[in-house]
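Participant: Attaching a single structure in C-alpha cells format; questions to follow.
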Amino acid sequence: MTNYPFEEIEQKEFNLKFSFEMLTSTIMFSQKVQSIYPDEKHPVYKECNKLVDSIVDQLSDKDCDTLNSYFNRINLDNQLDDS
C-alpha cells in the first residue's frame, strides 16, 4: 500500500458516455469559461481548450460536423434574437 491513494486512478483512462445534451452543455460551458478568461495563455483557458479537444478527438468526423452545424445554428439564432 502506498502513501498516495490516488496513484492507480490517476493512471487510468476512462471511456465515458454522454448524452447529446450533456455533451453540448459541457462544450458550451467550456466556451463560456473561455470567454471569461479570453487570454489564450491563461491556465483556465488552456484547460478548457484541452477538455473540448479531448471530447472532439473522440467524435467521428460526421458527429463533429453535426455538432459544428448545431453550434453555428445556436449562434445564428442568438444573433437574430439580439437584433
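The values are calculated or read from the model by the stated rules, or taken from the named source; none is laboratory data. All values derive from a computational prediction rather than experimental measurement. Ideal geometry is used to build each Cβ from the backbone, glycine not excepted, and the neighbour counts take in all protein chains shown. Accessible surface is based on the protein model in full, side chains and every heavy atom, while ligands, DNA and RNA are left aside. Shrake-Rupley method; radii C 1.70, N 1.55, O 1.52, S 1.80 Å.
Participant: Quick check on packing: order 65-76, 47-58 by the mean number of other C-beta atoms within 10 Å, highest mean leading.
Facilitator: Working: 65-76: 11.8, 47-58: 13.6.
Most protected by this proxy first, the peptides run 47-58, 65-76.
Participant: To continue, here is another question. Rank these residues by their accessible area, most exposed first, probe 1.4 Å: LYS46, LYS32, LYS62.
Facilitator: Working: LYS46 100, LYS32 125, LYS62 150 Å².
Accessible-area ranking of LYS46, LYS32, LYS62, largest first: LYS62, LYS32, LYS46.
Participant: Which one, (1) 1.19; (2) 3.09; (3) 1.41, gives Cα Rg over 2.2 N^0.38 Å as derived from the coordinates shown?
Facilitator: Given (1) 1.19; (2) 3.09; (3) 1.41, the calculated one carries the label (3).
Participant: Right, something else. Per residue, how much accessible surface does the chain expose to a 1.4 Å probe? Answer in Å², no decimals. Walk me through the numbers before you get to the answer.
Facilitator: Details: 7430 Å² over 83 residues.
In whole numbers, the chain has 90 Å² accessible per residue.
Participant: If you don't mind, there's one more thing I want to ask. Lysine pairs, Cα distance under 19 Å, 8 or more residues apart or cross-chain: how many in the chain?
Facilitator: Details: LYS12/LYS50; LYS17/LYS50; LYS17/LYS62; LYS32/LYS41; LYS32/LYS46; LYS32/LYS50; LYS41/LYS50.
Close lysine pairs found across the chain: 7.
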